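The values are calculated or read from the model by the stated rules, or taken from the named source; none is laboratory data. Computed from a predicted structure; not experimentally measured. Cβ placement follows ideal geometry from the backbone for every residue including glycine, while neighbour counts extend to all protein chains displayed.
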């Protein structure tokens, strides 16, 4: 029941963007992938989802190479939420969410009761049930982000790989999203989520993987990864790390030159 | 879920397919009943029966198939490219078919060999498809495919113009120009037998792509995560388009705007869902082409205005109206 990336090296357009990176997602884990822009976060997630073939290293799902799995079986096991919030046609919100059921549906026929239930649950979890009949062209950017998130949740996969899912969400919906991740992890699912908000990473992730220039710079519980020295080395910032009433806080102060 | 928000689109969705299907049947019947001979549907055998079976029936069947094929092709290509401006001519097949048919006219082969014209068109479409595949390669990306299509189209158009330029006499030139305009006039049942298998096979392939175009709405990565094999989809699409559009252009010339306009008009009626747009555009395309061809015979029974001219004449202002409408509803 694991999704494991083992020492992968990935090149895009001839340039190595990820080198010797490893990550294992076990049930119950919420792994935050952090690191500066261009560190390789998206590449790591896309590789884990089987969308990029690594030049070296392996990606295995339950011990079997991902490439050996049938495509739709991968779609049932791993839900991937890209950073680009593409919805090219002004489809209805509920129809967009229902796309998440495609890997579950038989070659012919419509949505089964289980499909409808998964869609309704995903829409409740992301607080978009009231938008169901609206066109995605007519909702706000943050609402659209939640619609796409609901699509990935509707996929009802054991592994959720989300690339900056909370960017552009208001604080209430960010908190609601992580609360939902907590419920998923509690139910034995695993999550990998690329993040820029170090405060959210500190509070809600069980583990953090810090990427720097395509390499794993640190991995461990948030309290071990989010230390001033590491943040300075990777992000080039001086930061205060502490807590307010027991809630961990990371506060970037200034750029270190 | 607030009920009044969802009901706005659902009735159209529920009635759309029955209404379109009834429309197709009605226009098909009208196309059989209306013509310059002034005959209605004949009661029994005789000259009127002959007009019906030999002249109107092939024309109506071809209109039905070609319209359906072009509408469907446009919807598939727009869904694949996620661009409402895509039209079936984009991948170079119709250009190749035109060139093949024009060469049959130019060489005089069409006057001596029966069905040389559509056969030439089919050969041209096949060669153009191979050209696109060779140029773009098997693992091609979206942009490469379109560039290859445009390149092949350009070559085909250049060679078509050259054939026109070197026409042996003015009559041949006029014949070529008229053929290029696109028409269903004087097509026989032999044309139907020639084109129908290709068009039907092509439509069969294209209709399997509904879920693929649905998934692609979320971009290529998300679609792949939902189980879509993009390169397999592309091969099915190219084969489907080549068969459908190639065979259509081979028997009827280029019938403009159908593949562009029909998906565009029907998109709001299927709540913009690209997969449902495929069968809708199939029916809508049949209505448009059959309707235009029938209208032609009512308004100008003796003028021999070409079908492709009418679809363009109807299509262009309609398209302009859509542009104006889109401009006013979308944010800049």
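Within region B:221-261, take every residue that is within 12 Å of another protein chain (Cβ to nearest Cβ) and outside any helix (DSSP H, G or I) and give me the one that is nearest to residue B:141 (Cα to Cα).
B:229
In region B:16-46, which residues are over 30 Å from residue B:89 (Cα atoms) and modelled with pLDDT of 75 or more?
B:33, B:34
Of all residues in region A:111-136 being more than 25 Å from residue A:183 (Cα to Cα) and more than 8 Å from chain B (Cβ to nearest Cβ), which is farthest from the chain's Cα centre (by Cα)?
A:111
Looking only at strands (runs of 3 or more DSSP E) that fall completely inside region A:214-257, which ones have 1 or more residues that are farther than 24 Å from residue A:192 by Cβ?
On the way: elements: A:215-220, A:237-244, A:247-255.
Filter on region A:214-257 gives A:237-244, A:247-255.
Out of all the residues in region B:307-326, which are over 15 Å from the mean Cα position of the chain (by Cα) and buried (at least 23 other Cβ atoms within 10 Å of the Cβ)?
Residues satisfying the conditions do not exist here.
Here is a list of conditions, (1) at pLDDT 95 or above; (2) facing chain B (nearest Cβ under 8 Å); (3) touching a strand residue (DSSP E or B) at 6+ places or on another chain (Cβ under 7 Å), and residue A:99 meets all of them except one; can you say which number that is?
(3) is the only condition that residue A:99 fails.
Just for region A:150-173: of the residues that are assigned to a helix (DSSP H, G or I), buried (at least 18 other Cβ atoms within 10 Å of the Cβ) and out of contact with any strand residue (DSSP E or B) (no Cβ under 6 Å at 6 or more places or on another chain), which one is nearest to the other protein chains (Cβ to nearest Cβ)?
The extreme case among them is A:151.
May I ask you to list the residues in region B:138-149 that are touching a helix residue (DSSP H, G or I) at 6+ places or on another chain (Cβ under 7 Å) and either part of a helix (DSSP H, G or I) or at positive phi (or both)?
Passing the criteria: B:142, B:144, B:145, B:146, B:148, B:149.
Being out of contact with any strand residue (DSSP E or B) (no Cβ under 7 Å at 6 or more places or on another chain) and away from every other protein chain (no Cβ under 11 Å) is the filter here, so list the residues in region A:57-72 that pass it.
A:62, A:63, A:64, A:67, A:68
So residue A:108 clears everything in (1) touching a helix residue (DSSP H, G or I) at 6+ places or on another chain (Cβ under 9 Å); (2) part of a loop (DSSP other than H, G, I, E, B); (3) within 11 Å of chain B (Cβ to nearest Cβ) except one condition, right? Which one?
Just one mismatch for residue A:108, condition (1).
Just checking, does region A:178-190 include any residue being at pLDDT 95 or above, touching a strand residue (DSSP E or B) at 6+ places or on another chain (Cβ under 6 Å) and either in a strand (DSSP E or B) or farther than 23 Å from residue A:24 by Cα (or both)?
yes
Which of the residues belonging to region A:73-96 are more than 7 Å from chain B (Cβ to nearest Cβ) and assigned to a loop (DSSP other than H, G, I, E, B)?
A:83, A:85
The rows are residues; the columns are (1) buried (at least 16 other Cβ atoms within 10 Å of the Cβ); (2) more than 20 Å from residue A:188 (Cβ to Cβ); (3) more than 17 Å from the chain's Cα centre (by Cα).
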| residue | (1), (2), (3) |
| --- | --- |
| A:6 | no, yes, yes |
| A:26 | no, no, no |
| A:45 | yes, yes, no |
| A:51 | yes, yes, no |
| A:56 | no, yes, yes |
| A:60 | yes, no, yes |
| A:66 | yes, yes, yes |
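For the structure I just gave you, tell me whether residue A:153 is at pLDDT 95 or above, within 17 Å of residue A:23 (Cβ to Cβ) and touching a helix residue (DSSP H, G or I) at 6+ places or on another chain (Cβ under 9 Å).
So residue A:153 does not fit the description; no.
Just checking, does region B:285-298 include any residue being within 30 Å of residue A:138 (Cα to Cα) and in a helix (DSSP H, G or I)?
Yes - at least one qualifying residue is present in region B:285-298.
Can you confirm whether region B:178-186 contains a residue that is touching a helix residue (DSSP H, G or I) at 6+ places or on another chain (Cβ under 9 Å) and at positive phi?
The answer is yes, given that some residue of region B:178-186 is touching a helix residue (DSSP H, G or I) at 6+ places or on another chain (Cβ under 9 Å) and at positive phi.
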